[in-house]
Amino acid sequence: MKLEDRVRELLAEKKMVMLSTIAEDCGVTELQAARALPEDMRAFCGGDAFDVVWEGLTRWPTATFIMCHAGSVVEIKGRIPGGRHGGGYFNLESGAPLGGHIRSDRATDICFLSLPFMGLESHSVQFFGADGAVLFGVYVGREQRVLIPEAREGFFAMRAKLCKETV
């Protein structure tokens, strides 16, 4: 069975589906799983767009930054801080809930992902490494389970501007 067909089957099952569960079920990387989603659910740009994408994320009123590591899921909610390059890292500005240092040069692909979560509309920007694994994702923020309109609009505006093709 083609990967795209199996992904459509998984989406049709109406179970909680995440990019990682699709990848695991299909025995592929998260990047391959994202590329196999229907075109309306994903759009890509290269990692060289990191600075433009990150700057766009800083305009959202609130977002959720999610990073998975060694089976743990870390979520940080709040405004995405700006940053600048130095010492081999993209150094996040201090003062926001999210802080630290990102190896932005390791982001090879960026995906604007529209994948429902627990029956709710959900949109995120996923940053992938060369091995096809998600480095981290930034999700459109919510207030009382509803997407914040300004952040949702920002997501689609960046997607339209930066993603000339879906694959």
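The values are calculated or read from the model by the stated rules, or taken from the named source; none is laboratory data. Here the structure is a predicted model, which is why all the values come from computation and not from measurement. We place every Cβ from the backbone using ideal geometry, glycine too, and count neighbours over all the protein chains shown. Side chains included, ligands, DNA and RNA excluded: accessible areas come from the protein's heavy atoms. Shrake-Rupley method; radii C 1.70, N 1.55, O 1.52, S 1.80 Å.
Points to keep in mind about this one:
- Val74 sits with roughly 80 Å² accessible to a 1.4 Å probe, with DNA, RNA and ligands left out of the calculation.
- Rolled with a 1.4 Å probe across the full set of protein chains, the surface gives Glu143 an accessible area near 120 Å².
- Estimated translational D of the stretch 1-112 in µm²/s (Stokes, Kirkwood radius over Cα pairs; 10 °C; 1.306 mPa s): 100
- Between 0 and 90°, nearest 10: helix 3-12 axis offset from the chain longest Cα axis: 90
- What a 1.4 Å probe finds exposed on the chain is 53% carbon and sulfur by accessible area, rounded to a whole percent.
- Exposure check, 1.4 Å probe, all protein chains in place: His85 carries approximately 100 Å² of accessible surface.
- Heavy-atom surface of the chain, accessible at 1.4 Å and reported per residue (Å²): 55
- For the chain, with +1 on Lys and Arg beta carbons and -1 on Asp and Glu, the positive-most of Leu115, Ala43, Pro81 along the dipole: Pro81
- Within the chain: Cβ-based charge dipole about Cα centre, in debye rounded to nearest 20 (Lys, Arg +1; Asp, Glu -1): 280
- Think of each Lys and Arg Cβ as +1 and each Asp and Glu Cβ as -1; about the Cα centre, that makes the dipole of the stretch 1-54 roughly 180 debye.
- Remark: spin-label model distance Gln144-Tyr89 equals 3.9 nm, labels positioned 7 Å along the Cα→Cβ axis.
- Cβ-derived FRET efficiency at R0 35 Å, Glu9 paired with Lys77, nearest 0.05: 0.60
- Charge sum, other residues only, whose C-beta stays under 14 Å from Trp60's C-beta, Lys/Arg counted +1 and Asp/Glu -1: +2
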